[in-house]
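Sharing a structure below in structure tokens format, with a few things to ask.
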Amino acid sequence: MVETLAVYRRLIGARIRSQYQYRASFALFSVGQFLTTFVDFLALLVVFTHVRQLAGWSVWQVAFLYGLSGVAFSLADVFVSQVEYLPDHVKGGTFDHFLVRPRGALFQLCAEEFELRRLGKLVEGGLVLALACGRVGVHWTAARIIVTAVSAMSGAVIFGSVWVVGAACNFWLIDAREVVNSFTYGGNFLTQYPLPIYGVVLRRILAFVVPLAFVSFFPALYVLGKHDPFTSLGFVRFLSPLVAGATLVVARLAWNAGVRHYRSTGS
Amino acid sequence: MYWEVAKRGFRRYSTYRAATVAGVVTNSVFAFIRAYILIAIFRQRAHIGGFDVRDALTYTFVSQGFLMPMAMFGWYDIEQRVRTGDIVSDLYRPVDFQGYWFALDGGRALYQAMARGVPPVLVGAVFFSLRAPPVAALPVFAVSCVLGLAVSFALRFLTNLLSFWIIDVRGPAQVLVMVELFLGGVVLPIALFPRTLEVLARALPFASIAQLPLEVYLGKHPGVDALTTLAVQAAWAAALLLAGRAVLGAVMRKLAVQGG
């Protein structure tokens, strides 16, 4: 484990050094990443110039959802989203390189395509979350702080798992990569708003199939002290870490099945 | 000649069927999420900026259909050829460089309008009650879309030409993409913006790409108003295409100096 981490540090260290050579380009890319999600926050603020509340949530309560989802998503974006490049490696035949080296293929893929500029998104999400935490008007007990931090991590694991499952599908279906965007980028967008605004079918999918409701909505119910409109089971709002663990298991199984199914081009 | 080039652009993109279906699914999912947010707003306010909930929903699904035909997520075809050096052979061809790329882009846009533009609207119409465009507005809408493409192409042409001066244009291009998506009314209709922001958005060329054609589609510009709208778009298209030609001239001089 320690040794694997050392390898990881070296690999991404090399990536960061090479990307940092073009400083102006790197800076503008980071700004671009920052803006990618910042426009959604601007849209959120514009929405609240027309209404005081959305499904009973105030602007800063929704901003809290936005920030929590943003931090979770961008952590996954920084460390795991590189699996999106899998189809390129499968088509180009370079996936075989990963299989003959003495580390896991998933680990190598994530290290090889690491891009520091994605941090721009994390900075944006973090700033909005910090701003929202100061403005939602709750008393910040240790429990609330811990639940916020733990759900950011759980959310990152959930998003990361969705990314890996989506990428694993590419072992069977080439060219379907854009569907995965519905669940990752789409999931990020969706979890910025309170669940009750969505239709009932979409809500069930989000609670039980692709459990994105546990990224921001359920933990936020606890942190902001809100009433749960769907269930009287109080423990649901603390389930995020368990759900994250379950998605991790599913992602692992999907990835392993994909790698087993993979047959090289044979040339 | 330009017709042949356009046909090539059309065919190049029509080869990826699975990717097209995947893309339609994604555009529709995003439209759904936006639709629910808008429904939640309009449940509390019946009218905002001349839009009712049906206008807003129609706007959302049609605007998702604009993303790919208008290449609103970025387009780097010329930049790639500059980076590899292949651009030299493009510049030597006995055709107008800007005209050649515009024809190619027109073919691409026509294919994507059919494959990626129409389906999200049909999906939306299955689940929500969308507004059909007034029949009288359809010819104006068609012209408005072509002018919108001209503005979109002219802006992309300019950013791509920047690659003759700076190594990596993708950073600045991405910044432009986000500004375009927001001020162009794709993230949220400009009609919902606060007054000053709306005035700013309407004073910029980005509104000509999607917002104005979409307003025509919704029948917001009847009669003479339609001609004014088209005139605004045409003015931006002409100005930006000419700017592209001017920059292209500078590129040619620069290359000649370097002995290329």
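So for the stretch B:56-71 (the condition being more than 30 Å from residue A:58 (Cα to Cα), away from every other protein chain (no Cβ under 11 Å), hydroxyl-bearing (Ser, Thr, Tyr) and open to solvent by less than 60 Å² (accessible area, probe 1.4 Å)), does at least one residue qualify? Give the derivation first.
Taking the stretch B:56-71 as the starting set, the residues that turn out to be more than 30 Å from residue A:58 (Cα to Cα) are B:65-71.
Okay, now just the ones that are also away from every other protein chain (no Cβ under 11 Å), so B:65-67, B:69-71.
With the extra rule that they be hydroxyl-bearing (Ser, Thr, Tyr), the set shrinks to none.
Taking every residue of the stretch B:56-71 in turn, none turns out to be more than 30 Å from residue A:58 (Cα to Cα), away from every other protein chain (no Cβ under 11 Å), hydroxyl-bearing (Ser, Thr, Tyr) and open to solvent by less than 60 Å² (accessible area, probe 1.4 Å).
A follow-up question, please. Could you say whether any residue in the stretch B:84-103 is within 14 Å of chain A (Cβ to nearest Cβ), open to solvent by 20 Å² or more (accessible area, probe 1.4 Å) and touching a residue at least 40 places away in the same chain (Cβ under 8 Å)?
Initial filter on the stretch B:84-103 (within 14 Å of chain A (Cβ to nearest Cβ)): none.
No, that holds for no residue.
Tally time: how many residues in the stretch A:169-182 are more than 8 Å from chain B (Cβ to nearest Cβ) and open to solvent by less than 50 Å² (accessible area, probe 1.4 Å)? Let's see the steps before the verdict.
Filtering the stretch A:169-182 down to residues more than 8 Å from chain B (Cβ to nearest Cβ) leaves A:169-172, A:180.
Then drop every residue that is not open to solvent by less than 50 Å² (accessible area, probe 1.4 Å), which leaves A:170-171, A:180.
Final tally of qualifying residues: 3.
Residue B:123 fails exactly one of the following numbered conditions: (1) aliphatic (A, V, I, L, M); (2) more than 28 Å from residue A:179 (Cα to Cα); (3) open to solvent by 30 Å² or more (accessible area, probe 1.4 Å). What is the number of that condition?
(2)
Against the condition in contact (Cβ under 8 Å) with a residue 12 or more places away in the chain, open to solvent by 30 Å² or more (accessible area, probe 1.4 Å) and more than 14 Å from every other protein chain (Cβ to nearest Cβ), how does residue B:213 come out, does it pass?
Values: in contact (Cβ under 8 Å) with a residue 12 or more places away in the chain: yes; open to solvent by 30 Å² or more (accessible area, probe 1.4 Å): no; more than 14 Å from every other protein chain (Cβ to nearest Cβ): yes.
Answer is no for this residue.
Could you list all residues from the stretch A:183-220 that are open to solvent by less than 20 Å² (accessible area, probe 1.4 Å) and small (Gly, Ala, Ser)?
A:186, A:187, A:199, A:213, A:216, A:220
Could you pull out the residue among B:244, B:260, B:223, B:184 that is within 30 Å of residue A:26 (Cβ to Cβ), at pLDDT below 90 and of a type in the set (Gly, Ala, Ser)?
Values: B:244 fails: at pLDDT below 90; B:223 fails: within 30 Å of residue A:26 (Cβ to Cβ); B:184 fails: at pLDDT below 90.
Testing whether each residue is within 30 Å of residue A:26 (Cβ to Cβ), at pLDDT below 90 and of a type in the set (Gly, Ala, Ser) leaves just B:260.
If I filter the stretch B:79-107 down to residues being over 22 Å from residue B:171 (Cα atoms) and aliphatic (A, V, I, L, M), which single residue comes out as farthest from the chain's Cα centre (by Cα)?
Result: B:88.
When you check residue B:243 against the structure, is it buried (at least 19 other Cβ atoms within 10 Å of the Cβ) and either of a type in the set (Gly, Ala, Ser) or closer than 30 Å to residue B:46 by Cβ (or both), yes or no?
On the way: buried (at least 19 other Cβ atoms within 10 Å of the Cβ): no; either of a type in the set (Gly, Ala, Ser) or closer than 30 Å to residue B:46 by Cβ (or both): yes.
No, not satisfied.
A follow-up question, please. Are there any helices (runs of 4 or more DSSP H) wholly within the stretch A:7-100 with 3 or more residues that are aromatic (Phe, Trp, Tyr) and open to solvent by less than 50 Å² (accessible area, probe 1.4 Å), and if so which?
Details: elements: A:23-47, A:59-79, A:86-92, A:95-100.
Passing ranges, in order: A:23-47, A:59-79.
Looking only at the stretch A:221-255, count how many residues are within 21 Å of the chain's Cα centre (by Cα) and not hydroxyl-bearing (Ser, Thr, Tyr).
20
If you don't mind, another one. Among the residues of the stretch B:18-40, write down those that are at the interface with chain A (Cβ under 7 Å from one of its Cβ atoms), of a type outside the set (S, T, N, Q) and without any contact (Cβ under 8 Å) to a residue 60 or more places away in the chain.
Matches in the stretch B:18-40: B:18, B:19, B:22, B:25, B:29, B:30, B:33, B:36, B:37, B:40.
Only one of (1) at pLDDT 90 or above; (2) surrounded by 15 or more Cβ atoms within 10 Å (Cβ to Cβ) is not met by residue A:237, so which one is it?
Condition (1) is where residue A:237 drops out.
I've got another one for you. Let me confirm something: among A:183, A:171, A:189, A:159, which residue is farther than 24 Å from residue A:40 by Cβ, touching a residue at least 12 places away in the same chain (Cβ under 8 Å) and not β-branched (Val, Ile, Thr)?
On the way: A:183 fails: farther than 24 Å from residue A:40 by Cβ; A:189 fails: farther than 24 Å from residue A:40 by Cβ; A:159 fails: farther than 24 Å from residue A:40 by Cβ.
Testing whether each residue is farther than 24 Å from residue A:40 by Cβ, touching a residue at least 12 places away in the same chain (Cβ under 8 Å) and not β-branched (Val, Ile, Thr) leaves just A:171.
Hey, could you check the stretch B:164-198 for residues that are open to solvent by 20 Å² or more (accessible area, probe 1.4 Å) and farther than 26 Å from residue A:117 by Cβ and say which is nearest to the other protein chains (Cβ to nearest Cβ)?
B:194
Could you grab me the full set of residues in the stretch B:212-260 that are in contact with an Asp or Glu (Cβ under 8 Å, 6 or more places away or on another chain) and assigned to a helix (DSSP H, G or I)?
Within the stretch B:212-260, B:229 is the sole residue that qualifies.
While we're looking at this one, here's another question. Pairs under 6 Å by beta carbon, first residue on the phi > 0 side of the Ramachandran plot and touching a residue at least 24 places away in the same chain (Cβ under 8 Å) in the stretch A:37-56, partner outside any loop (DSSP other than H, G, I, E, B) and crowded, with 19+ Cβ neighbours inside 10 Å, six or more apart or different chains?
The qualifying pairs are A:55/A:197.
The values are calculated or read from the model by the stated rules, or taken from the named source; none is laboratory data. Note that the structure is a prediction, hence the values are computed from the model and not measured. So basically every Cβ, Gly included, is an ideal-geometry build from the backbone, and we count neighbours across all protein chains shown. The accessibility values were calculated without ligands, DNA or RNA, using every heavy atom of the protein model including side chains. Shrake-Rupley method; radii C 1.70, N 1.55, O 1.52, S 1.80 Å.
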